[in-house]
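Below you'll find the structure I mean.
The values are calculated or read from the model by the stated rules, or taken from the named source; none is laboratory data. Keep in mind that what you see is a predicted model, and the values were worked out from it rather than measured. Glycine also receives a Cβ, built like all others from the backbone with ideal geometry; neighbour counts cover every protein chain displayed. SASA here: full protein model, heavy atoms, side chains in, ligands and nucleic acids out. Shrake-Rupley method; radii C 1.70, N 1.55, O 1.52, S 1.80 Å.
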Amino acid sequence: MTALATSSSSSPLHFWGYFMDHRSTDLSWLWSHTWLSVVPVVIGLLVALPLGWLARRYRFVYPPLISLTGLIYTIPSIALFVLIPPLFGLKSLDPKQVPIALTLYSIALLVRVVADGLASVSEDTVQAATAIGFKPLGRFFRVELPIAVPVITAGLRVALVANVSIVAVSGTIGMSNLGQLFTLGFQNSTNGPYYPPIVLGIVLCVLLALVLDRIVIILNILLTPWRKAVRS
Amino acid sequence: MIRFESVSKRYPDGTVAVDELDFVAPSGQITVLVGPSGCGKTTSLRMINRMIEPTAGRILIDDQDVTKVDAAQLRRGIGYVIQHAGLFPHRTIIDNVASVPYLLGTDKKQARARAMELIERVGLDPRFAKRYPSQLSGGQQQRVGVARALAADPPVMLMDEPFSAVDPVVRDQLQEEFLRLQSDLGKTIVFVTHDIDEAIKLGDQVAVLRVGGHLAQLATPAELLSRPVDEFVAGFVGRDRGYRALTFTTVGELAVHDEQTVTLGAPVPSGADLDNWILVVDAANVPQGWLNLVELSRDDTTVSADLLYRGGTLATQGGSLREALDACLSSPSGRGVVVDSDETLLGSITAAEVLALIEKRRPAAASVTGSGSERR
Ligand SMILES: Nc1ncnc2c1ncn2[C@@H]1O[C@H](COP(=O)(O)OP(=O)(O)OP(=O)(O)O)[C@@H](O)[C@H]1O
Ligand SMILES: [Mg+2]
């Protein structure tokens, strides 16, 4: 913390200088922030795929599953962070609690996305696939899932951006990620506001969100060459 | 050969969609299932490839009970075409067509070569091969659907209202091409439609179903029109069935009258011996339309295309009586134009003469007005 005192200016625009002064810490926070944002979404998607499929296959599963996952999403992140350790037998402030909470959020969001994505595949197409001799698994991976990609990637974008901001919240309870910058900003605002780490935190979070979003957009374009044909 | 043996389907909610259905769809022929909405046509069709399992009875394809074959395996050997084609939007046309060969593990290059062949065979421009379904019109997509069903050269094809979602002109075209294709391929086809005209046009035999999934009548189109078994079938095949039955009656040679003609672009003829109507032909003696000499103004000195009445249909020598009668009825002059198979003019015939021919065929015609007539 003493290093912080060397930052001379408290002007918001000084965030770049602040970054250069604490490069290695900031970059490691950015790095862990990235992983914490991405990995839970990937795991969430892997879990949501079979659940979403179930909700499509057995229609009666859909309403309760969507209510349940909707409920998870309404739990404030701070509360979820606090709830996780006792539920999963972890010490409080265990570094695993954040990815677990984020994975739960991602699953909650993506189950619905996957189910709706599969619902976007026209009944005619599904019937035709069955009629020409696809088995259920082959039909899922080679017909239904590829056609659901645009809906699923739209959901992934929301999940990723949401995660970037939720990860930052976890930083304020002591996890090492960009959220720490906000804590530092407040701690150093004893005599007048000290903006640089706060602005830096915002800038890096926004940049991270934008980059992740862009990556998913590109992924979507690569996976759906047929959509370009639809648009043109 | 596809054989239905007392096949019934009761859905879990109690609806009996098909009731004790018995019939045989002979190899190499088109069997059409026709009937009002909800009479169980789709259900019957889908029981053949086990998209729906019957609750009683059995279905045999070439004496093999379909339930004894693995469902996916069975379906790969049966072509299936549905109303909106049901193409895979994420696959190019060529890959759509090659879907079944891919499933069967055919080498990719070979599958595509075969797909390409079929794309042309169903009358599509080969340039479409690399396009996606959304870039094709409904009629074109339907052709792709047919090509996809044919790709693995299955002996059996199931078609569920494949042509009913396209406009009448395209439908006509698709039907003609389908018949041409079938005359080359000789598949065993079960074809579902709710359109009796389509059934009569395409079917080698037609099965009329009534609501509740009962078979009302199984017959050839001609027989269906001339001898509907009951009021329901009679009503379903329509009031002008007598007229439509003429489709199946050919006469040998129509004795035609010579018809005076004028060539398109020639001076307007004049003379007291001319009828009010004169037939206009092109340089190759192909009829173009009728010219009304009475109506012409003084400025009309040459026979130009915009003066013609083109409403009349043409009868082909050796064609059906329906064609001949229609040519007379649709001709503004009352004289039906008869052409040779190369479309050149042979002469004309009158409605009275066609009716005389129909009268001469009385034994067949008698049954049209006989057993099946509606009592109203
Ligand atoms: N899954 C289902 N569950 C319950 N009833 C069904 C089901 N599918 C079809 N039916 C009923 O079975 C009957 C026959 O349906 P089917 O789809 O075979 O009719 P169709 O002759 O193909 O009609 P259309 O010409 O309208 O396509 C109808 O009364 C329909 O409501
Ligand atoms: Mg139907």
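For B:Lys360, give me every one of the lysines with a C-alpha distance below 29 angstrom, ignoring sequence neighbours fewer than eight places off in its own chain.
B:Lys201
Do any GluC sites (Glu not before Pro) in the range B:240-345 lie in a DSSP loop with no more than 15 other beta carbon atoms within 10 Å, and if so, which?
Those that pass, being in a loop and sparsely packed, are B:Glu253, B:Glu295, B:Glu343.
Below 8 Å, C-alpha to C-alpha, sequence gap of six or more: please give me the relative contact order for chain B in percent.
15 percent
Could you give the spread of the C-alpha atoms of chain B along their three principal axes, from largest to smallest, in whole angstroms?
80, 55, 33
When every alpha-carbon pair in the range B:2-43 is counted, what percent end up more than 17 Å apart?
Considering the range B:2-43, 37 percent of its Cα-Cα pairs are separated by more than 17 Å.
Solvent-accessible area per residue for the protein assembly as shown at a 1.4 Å probe radius, Å²?
47 Å²
Taking every DSSP beta bridge with both residues inside chain B, roughly what % is antiparallel (nearest 5)?
55 percent
A follow-up question, please. Any of B:Lys41/B:Lys130; A:Lys228/B:Lys41; B:Lys109/B:Lys187; A:Lys135/B:Lys130; B:Lys130/B:Lys187 with alpha carbons more than 31 Å apart? Name them for me.
Over 31 Å Cα-Cα: B:Lys41/B:Lys130; A:Lys228/B:Lys41.
Here's another thing I want to ask about it. Could you work out, residue by residue across B:79-92, how many beta carbons of other chains sit within 10 Å of that residue's beta carbon, and then give the average as an integer?
Values: counts 2, 6, 2, 4, 1, 6, 3, 11, 4, 10, 11, 15, 5, 3.
Mean number of neighbouring Cβ atoms from other chains: 6.
Using only the alpha carbons of chain A, determine the length spanned along each of the three principal axes and report them from longest to shortest in whole angstroms.
In descending order, the Cα extents are 72, 47, 23 Å.
Indicate the gyration tensor shape class of the range B:54-185 (rounded, prolate or oblate), computed on the Cα atoms with a ≥ b ≥ c the square roots of the eigenvalues: a/c under 1.5 is rounded; otherwise a/b larger than b/c is prolate and the rest oblate. Before the final figure, lay out each step's value.
On the way: a/c = 1.87, a/b = 1.32, b/c = 1.41.
Here the range B:54-185 falls in the oblate category.
Right, something else. Taking the Cα of A:Met20, stepping 7 Å toward and past its beta carbon, and measuring to each backbone N in the range A:171-212: which are under 20 Å?
Once the point is set 7 Å along Cα→Cβ of A:Met20, A:195-204 turn out to lie under 20 Å by backbone N, inside the range A:171-212.
Same structure, new question: Gap in Å between the Cα centre of the range A:65-95 and the Cα centre of the range B:82-120?
48 Å
If you find the alpha carbon centre of the range A:184-232 and of the range A:104-146, how far apart are they in angstrom?
That distance is 30 Å.
Taking all pairs of distinct Cα atoms, average 1/r, flip it, and tell me the Kirkwood hydrodynamic radius of the protein assembly as shown in Å to one decimal place.
Evaluated on the protein assembly as shown, it is 30.4 Å.
Further, regarding this structure: Go through the range B:221-279 and name the trypsin sites (Lys or Arg not before Pro) that are in a DSSP coil and have 13 or fewer other Cβ atoms within 10 Å of their Cβ.
Passing sites in the range B:221-279 are B:Arg239.
Total Å² of accessible surface buried at the A-B contact, 1.4 Å probe, nearest 100? List each step's numbers first, then the result.
On the way: alone 12670 and 17820 Å², together 28550 Å².
When A and B are taken together, about 1900 Å² of accessible area is lost.
Could you work out what % of the accessible surface of chain B is carbon and sulfur, using a 1.4 angstrom probe and leaving DNA, RNA and ligands out of the count?
Carbon and sulfur: 49 percent of the exposed surface of chain B.
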